[in-house]
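Remarks on the structure that follows.
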Amino acid sequence: PEAITVQELANRMAEKGADLVKALFKMGMPVTMTQTIDQDTAELLVTEFGHNISRVSESDIDLAIDVSEDAPDSLRPRPPVVTIMGHVDHGKTSLLDALRGTDVVRGEAGGITQHIGAYQVTLKDKSRITFLDTPGHEAFTQMRARGANVTDIVVLVVAADDGLMPQTIEAIHHTKAAGVPMIVAINKVDKYEANPQRVRERLLEHEVVVEEMGGDVQNVEVSALKKTGLDDLIEKIQLQAELLELSANPDRPGEGTVIEAKLDKGRGPVATVLVNRGTLRVGDVFVIGAESGKVRALVDDKGRQIKEAGPAMPVEVLGISGVPSAGDPIQVVENEARAREVAEYRQSVLTQKRTTTAPASLESMFSALR
Ligand code: GTP
Ligand code: MG
């Protein structure tokens, strides 16, 4: 059975802890603020104070959401999820754009692509790679801090003329902390001042030992501008992905992570979601962070409406009650009442957190470390 401290219950009820202690004493239970009481006693107290009882708890969420592990034989290969990181102006955007050009499907469609925070390229051999176009390692760290480890591989972009810069080094630290394999893309090699060997040497100082230096970190010289080295980079990503043997069960209720979310003027709240496992379908009822909803439409990175999205597929989700946060989980549940219940519970936890402790922002935590 669930137990809760008097203080915690007081916080949730927005009542004074001392008042609860007093009431408990009257009920014949002499307890202190830090002691725990069982759920029945808690409910009694809640009624005593005239609050509505909500029996939703973390364990109810587990019941509402299928969190079971996947059986090994249910796993199918899935595309790798690659995040591009690096110092500002080192060519992340340009490289992503150039890589997009390698998408055969996109090439055939030839339309204007809509920008979403994540996209997938389909290669000549029909294999796919998902790229996360996040604003950089800040978003990456934020997601990780929230327990959302969605990245399989990091491509570290280093401009060959500029070399290792503060954000390059930060990105190295974040990647190592996440335990994610890294591929170094030495960019702008078309420039006269480019010195790729110097980059490889400087990387040694940060314990990134590339193959030429006797290590096992893959690196590739590219020019996003001249579109050279791209096939090599793709090949190295595929090689790395093969080693990781990435798989997921597509045949279960959809589960994913919010990459970014916004309030769209015409369409309402829109979340770009990366499906982690299972399949997300139009009409599915879901919880997304402290919001809920029913999938009204799924839009892929090419702006097309699709019916369903499987593992490693980035997709825009429409039909949400409000705007969730980056890193929030999206989970398909059985019905709308359940979805609202879970969302409301999470909302109450959020409110409680806000009123009790003002959490230090990641920003301030990191600047404190510097
Ligand atoms: P985001 O932070 O994602 O916006 O990308 P970024 O700031 O890392 O770099 P961006 O792609 O915006 O490129 C910065 C500048 O470098 C632009 O002026 C690009 O044209 C230039 N650039 C990018 N790649 C190359 C390259 O391979 N060669 C040369 N000569 N210039 C490049
Ligand atoms: Mg830029």
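The values are calculated or read from the model by the stated rules, or taken from the named source; none is laboratory data. The shown structure was predicted, so the numbers you read here are calculated from the model rather than taken from an experiment. Neighbour counts run over all protein chains shown; Cβ positions are idealised from the backbone, glycine included. Note: accessible area is taken over every heavy atom of the protein model, side chains too, but ligands, DNA and RNA are not part of it. Shrake-Rupley method; radii C 1.70, N 1.55, O 1.52, S 1.80 Å.
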query: How big is the equivalent ellipsoid of region 251-327 along its three axes, where each semi-axis is √(5λ) from the Cα gyration tensor, reported in whole Å from largest to smallest?
result: 17, 13, 12
field: Pairwise centroid distance, computed over Cα atoms, of region 73-91 with region 280-353, Å
entry: 22 Å
Overall dimensions of region 214-265 by Cα: Rg and Dmax, Å: 17.4, 53
Centre separation in Å (Cα based) which lies between region 210-235 and region 182-200: 9 Å
Prolate/oblate/rounded label for region 164-209 (Cα gyration tensor, a/c 1.5): prolate
message: What number comes out for accessible area per residue over region 247-350 if the probe is 1.4 Å? Units Å², please.
response: 39 Å²
message: Using the Cα centre of region 246-344 as the reference point, and only Cβ charges (+1 on K/R, -1 on D/E), how large is the resulting charge dipole? Debye, rounded to the nearest 20.
response: 300 debye
query: Long-range amide H contacts for L298: which residues qualify at under 5 Å (H placed 1.01 Å from N, peptide plane, sequence gap of 5 or more or a different chain)?
result: I306
statement: Yeah, region 187-253 with a ≥ b ≥ c from its alpha-carbon gyration tensor (a/c under 1.5 is rounded, else prolate when a/b outruns b/c, oblate otherwise) is oblate
- line: Restricting to Cα pairs under 8 Å and 6 or more apart, the percent relative contact order of region 149-235 works out to 29 percent
statement: By the C-alpha gyration tensor axes a ≥ b ≥ c (rounded if a/c is under 1.5, else prolate when a/b exceeds b/c, else oblate), the shape of region 184-326 is prolate
